[in-house]
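Enquirer: Questions regarding the structure given below will be posed in turn.
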Amino acid sequence: MGQQQLLLIILGVIIVGVAIAVGISMFSSQSVKSNQDAILSDLANLAADGYQFKIRPTSMGGGNGTYAGYSVGTSWGASNPNATYSITAQTATALSLKAESKQVDAATIVVTYDGNGKVTSGPTSAGF
């Protein structure tokens, strides 16, 4: 083979290697974003569960107008493949939830909800 052919083969190998590296990088960033979106969806569902607890009478296992007594593991579960969920602050009229990602190291999201189940603070994410 001539020098030109060898140079073209080497150049082709380099281009293929760069394309593979870029593809892996794009897949990894999409995976992180997908995990963040799934956690936000889970937090919204968990907040809805908390609000249902708040408005439910105590005779039916609810909070009778307060978030006091609500726990994450009550009916929804404190953990799933996306994250581990916990309550960081809980008052009669506010509920603050925290999610720690299981797929992205040291990544967390915190959201605070008011007495009407609406977001008052957040979502605040770190590590994504």
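Enquirer: Could you grab me the full set of residues in segment 100-128 that are hydrophobic (A, V, I, L, M, F, W, C) and within 14 Å of S41 (Cα to Cα)?
Expert: Result: I109, V110, V111, V119.
Enquirer: If you go through segment 46-64, how many residues are out of contact with any strand residue (DSSP E or B) (no Cβ under 8 Å at 6 or more places or on another chain) and of a type in the set (S, T, Y)?
Expert: Number satisfying all stated conditions: 2.
Enquirer: Moving on. Mind checking which residues of segment 79-110 are surrounded by 17 or more Cβ atoms within 10 Å (Cβ to Cβ), at pLDDT 90 or above and part of a loop (DSSP other than H, G, I, E, B)?
Expert: The answer is A107, and nothing else.
Enquirer: For residues in segment 47-78 being closer than 25 Å to D37 by Cβ and free of Cβ contacts under 8 Å to residues at least 12 places away in the same chain, which is surrounded by the fewest Cβ atoms within 10 Å (Cβ to Cβ)?
Expert: G73
Enquirer: Answer with yes or no whether S41 is at pLDDT below 90 and either under 30 Å from A94 (Cβ atoms) or among the hydroxyl-bearing types (S, T, Y) (or both). Talk me through it step by step, then tell me what you get.
Expert: Working: at pLDDT below 90: no; either under 30 Å from A94 (Cβ atoms) or among the hydroxyl-bearing types (S, T, Y) (or both): yes.
For S41, the condition - at pLDDT below 90 and either under 30 Å from A94 (Cβ atoms) or among the hydroxyl-bearing types (S, T, Y) (or both) - is not met.
Enquirer: Just give me the residues in segment 36-46 being closer than 18 Å to G115 by Cβ and either crowded, with 19+ Cβ neighbours inside 10 Å or touching a His at 6+ places or on another chain (Cβ under 8 Å) (or both), in sequence order.
Expert: Let us first name the residues in segment 36-46 that are closer than 18 Å to G115 by Cβ, namely 43-44, 46.
Selection gives L43, L46.
Enquirer: Would you confirm whether or not segment 18-28 contains a residue that is surrounded by 14 or more Cβ atoms within 10 Å (Cβ to Cβ) and not small (G, A, S)? Steps first, please.
Expert: Taking segment 18-28 first, the residues surrounded by 14 or more Cβ atoms within 10 Å (Cβ to Cβ) are none.
For segment 18-28, residues surrounded by 14 or more Cβ atoms within 10 Å (Cβ to Cβ) and not small (G, A, S): absent.
The values are calculated or read from the model by the stated rules, or taken from the named source; none is laboratory data. All of these numbers come straight from a predicted model, not from anything done at the bench. Please note: Cβ atoms are built from the backbone with ideal geometry, for glycine as well, and neighbour counts cover all protein chains shown.
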